[in-house]
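Since the structure comes first, as structure tokens, the remarks are kept for the end.
The values are calculated or read from the model by the stated rules, or taken from the named source; none is laboratory data. These figures come from a predicted structure and were not determined experimentally. All Cβ positions, even for glycine, are placed from backbone atoms using ideal geometry, and neighbour counts span all protein chains on display. Note: accessible area is taken over every heavy atom of the protein model, side chains too, but ligands, DNA and RNA are not part of it. Shrake-Rupley method; radii C 1.70, N 1.55, O 1.52, S 1.80 Å.
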Amino acid sequence: MLSIKGLKANVGDKEILKGLDLEIGRGEVHAIMGPNGSGKSTLAHVLSGREGYTVTGGSVTFEGQDLLDLEPEARAHLGLFLAFQYPVELPGVNNTYFLKAALNAIRKARGEPELDAVSFLRLMKEKLKVLHLDDSLLKRPVNFGFSGGEKKRNEIFQMAILEPKLAILDETDSGLDIDALRIVADGVNALRSPERSVILVTHYQRLLDYIQPDYVHVLAKGQIIRSGGKELALELEDKGYGWLGAEEAA
Amino acid sequence: MNATPGNGFAPWLADDGPAADTGLAWLDSRRAQARAQVRDQGIPTTKQEAWRYTSLTRLLEQGFTPTAKATTPLEPRDLEPLLVPGLEAYRVVLVNGRFVPGLSDLQHLPAGLRVGGLAQILKSDPDALKDRLNGVAGETQPLFAALNTAGLDDGVVVLLERGAQVERPIELIHLSVGMDEPRVAQPRHVVALEAGAQASLIERYVSLGEALYCTNSVLELSLGRDAVLKHQRIQTESANAFHIAGLYLSLGAGSRYQCVNVGLGASWARTDLNVRFAGEHAECDLQGLYLAGDRQLMDFHLDVDHRLPHCSSRENFKGILYGKGRAVFDGRVYVAKDAQRTDAAMSNRNLLLSEGAEVDTKPQLEINADDVKCSHGTTVGQIEPEQLFYLRSRGISAPLARRMLCLGFAGEILDCLTPDALRDQVAEQVGSRLEQAPID
């Protein structure tokens with residue numbers, strides 16, 4: 001469903017991604033690990049269409065379409081979802097209103113009828129239950145005044161509502177204590193399905209104790225230098241990134 | 001008449017217009033005095049502080065003349081599209097500055113509440129108004145208030161007796177209808193709440209069509225001891241209109257006043273809010289939201305005079321500017337030497353959606369007492385690219401995302417509007433204006 005070939009990308013004049021190849025099939029969970037500065041977040045941002053990155057080479061095909069050619073909203077319409085490392089606060093924008101606008105924009109783009117207020121509320125309640133979240137979340141402004149853990153949970157809640165085909169979780173484990181991490185991981189696991197693929201971008205093996213990946217890739221200096229099964233993560237935990245010649249860039 | 005003003009506003013006070021004698025000696029003499037003030041003041045220029053950012057040239061070019069007595073007869077159904085759906089209110093309607101009983105809904109007023117047309121009450125019970133007209137605005141008035149006094153003949157009167165508490169809002173609708181030539185209406189409103197009275201006043205300026213006209217309104221408002229008033233002003237004049245409003249407020253001891261100002265319409269709009277504390281422990285909360293797009297000017301002047309101790313005031317105004325829209329915010333809070341324990345906080349925040357938009361913001365605190373809590377802040381910013389990207393990454397189109405962020409910015413003020421019917425209508429109006437805003 002996602003095919004990345006020889007992807008090169010710059011931030012300003014600096015080349016961050018230096019020819020990255022990755023194939024992700026339907027229903028698969030891939031972990032992308034790597035030291036700081038290896039290009040993990042850049043990859044997540046380039047895939048989601050954030051400004052500030054220049055793609056200088058390679059291609060990305062998602063569901064048969066040239067992903068790099070699309071606006072961020074069009075990528076979401078195709079079924080791409082990015083859970084942000086730092087979810088953005090939107091003061092004054094109500095969470096329910098926001099999610100309804102998002103879901104209906106996606107449904108409309110796919111030629112599906114928009115959900116009315118009642119059906120949407122039912123859907124929200126159902127997903128809150130699955131994720132064991134409090135319904136006070138619905139009335140609050142998006143991420144505004146949320147704790148770090150609440151923000152990450154809100155990302156997973158959005159993912160549950162929008163039901164993407166491919167979810168990219170950018171360092172979703174960062175800044176979470178063990179309880180919050182477990183709640184977020186349970187949420188992701190509840191959303192695993194043969195139809196949904198997941199990319200877990202993470203620095204630490206810790207998250208993978210809770211979300212078992214099918215594949216693990218090590219990203220260093222803008223390229224994938226090693227791929228394997230979940231045992232690769234354990235090996236990294238033991239030996240550190242230095243073992244693969246992937247030093248911390250920072 | 002030899003008191004014809006010698007400046008560009010002479011036509012506003014044509015002899016055959018409302019300036020004709022009223023038959024009340026005291027009123028005629030106040031109007032003559034105001035005419036003299038208009039004449040003596042001349043035309044303010046941008047060299048004067050109060051008009052530094054706002055030129056009167058465009059206003060003067062229009063050649064406005066006073067509204068003739070007879071206006072187009074309107075049916076209640078003509079008014080329907082302009083009402084707030086679901087709002088239940090005691091309704092008083094003016095058309096081009098004149099009270100129209102047939103469009104108003106003033107039946108079953110509760111005990112202690114009197115609402116009516118100013119001209120009618122001047123005829124039937126002039127003594128009720130003798131001390132109230134100019135009672136708050138004072139005898140020496142700035143140009144537009146003096147013009148209003150000089151041409152004074154109609155408006156709305158709301159009087160609430162001691163202790164009367166009115167649940168249902170009182171809605172004042174000022175409707176402008178295009179005439180054969182550019183007309184100026186100068187309604188004069190008098191609102192007085194006696195001690196302990198409580199009410200809610202919704203003041204709306206609306207129009208049928210996009211006619212060119214001018215409204216120059218003055219509202220004198222006094223709150224007695226411990227009175228409580230929520231005052232909401234929604235200005236949605238025609239896109240070609242000129243709107244001038246002078247509000248003169250006197251707040252008695254322990255009274256609480258909240259004013260939510262929303263400025264959306266008119267091509268040129270100037271609002272002056274003058275607050276004077278008349279007793280200690282009074283609270284004044286001024287909230288404002290304005291939008292200005294191409295060929296639009298929104299100018300708000302606040303003058304809050306803390307002359308007495310233990311009073312508090314909040315001034316919180318937010319603006320959204322787009323296209324070549326312009327706004328002015330000039331807020332002054334004055335704290336007299338003896339006004340200890342004054343608590344005042346002023347804020348003006350602006351969101352600029354285009355390069356061509358412009359705002360002049362000038363908050364000023366003048367503090368002469370030493371035991372006070374005062375603050376002010378002002379910001380001029382743009383939509384955060386991070387916020388925009390976050391919304392777009394969820395599938396929301398860029399234009400809708402911008403609109404959602406603007407409504408989020410405005411939400412703090414919109415949420416002050418009550419009841420929900422009014423809030424929803426104004427939010428909708430803000431949204432649809434933003435929808436038509438050009439995106440850079």
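Below is a table of values for the structure above.
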| read-out | value |
| --- | --- |
| Per-residue mean of C-beta atoms belonging to partner chains within 10 Å, peptide B:380-386 | 2 |
| Relative contact order of chain A, pairs being alpha-carbon contacts under 8 Å that are 6 or more residues apart, as % | 30 percent |
| Exercise: per-residue mean of other protein chain Cβ atoms within 10 Å, A:40-49 | 1 |
| Sites B:Ala36 and B:Arg114, calculated FRET efficiency, Cβ-Cβ separation with R0 56 Å, nearest 0.05 | 0.95 |
| P(r) of the protein assembly as shown over all Cα-Cα pairs, binned every 20 Å from zero, in whole percent | 16, 40, 26, 15, 2, 0 |
| Efficiency of FRET from Cβ geometry, B:His376 and B:Thr46, R₀ 22 Å, rounded to 0.05 | 0.40 |
| The range B:10-279 - percent relative contact order, Cα under 8 Å, separation 6 or more | 17 percent |
| Aspartates and glutamates with Cα under 19 Å of A:Lys125, excluding same-chain neighbours fewer than 8 positions away | A:Glu114, A:Asp116, A:Asp134, A:Asp135, A:Glu150, A:Glu155, A:Glu163, A:Asp186 |
| Cross-link pairs beyond the 19 Å C-alpha cut-off, checked among A:Lys100/A:Lys127; A:Lys165/A:Lys221; A:Lys8/A:Lys239; A:Lys18/A:Lys239; A:Lys127/A:Lys151 | A:Lys165/A:Lys221; A:Lys8/A:Lys239; A:Lys18/A:Lys239 |
| R0 of 45 Å, Cβ-Cβ distance A:Ser193-A:Trp243: FRET efficiency to nearest 0.05 | 0.85 |
| Difference of contour (0.36 nm per residue) and Cα-Cα distance, B:Glu61 to B:Ser29 | 8.5 nm |
| Computed Rg/Rh of chain B, alpha carbon atoms with Kirkwood Rh | 0.95 |
| Span-like helix ranges in chain B, DSSP H, alpha carbon extent 20 angstrom or more, Kyte mean at least 1.0 | B:398-414 |
| Environment charge at B:Leu365 (Cβ cut-off 14 Å; Lys +1, Arg +1, Asp -1, Glu -1) | -3 |
| Most to least packed among B:48-56, B:34-42 [average Cβ atoms within 10 Å] | B:34-42, B:48-56 |
| Lysines with Cα under 19 Å of B:Lys362, excluding same-chain neighbours fewer than 8 positions away | B:Lys47, B:Lys318 |
| Peptide B:395-407, shielding by other chains (average Cβ, 10 Å cutoff) | 6 |
| Cα-Cα over 31 Å, subset of A:Lys139/B:Lys324; A:Lys108/B:Lys230; A:Lys129/B:Lys230; B:Lys230/B:Lys373 | A:Lys139/B:Lys324; A:Lys108/B:Lys230; A:Lys129/B:Lys230 |
| Charge context of B:Gly23, other residues only, Cβ under 13 angstrom, K/R +1, D/E -1 | -1 |
| Residue-count net charge about A:Ala167 - beta-carbon cut-off 11 Å; Lys, Arg +1, Asp, Glu -1 | 0 |
| Buried solvent-accessible surface, both chains (A, B), 1.4 Å probe, Å² to nearest 100 | 1900 Å² |
| Separation of alpha-carbon centers, the range B:188-241 and the range B:34-99, rounded to whole Å | 12 Å |
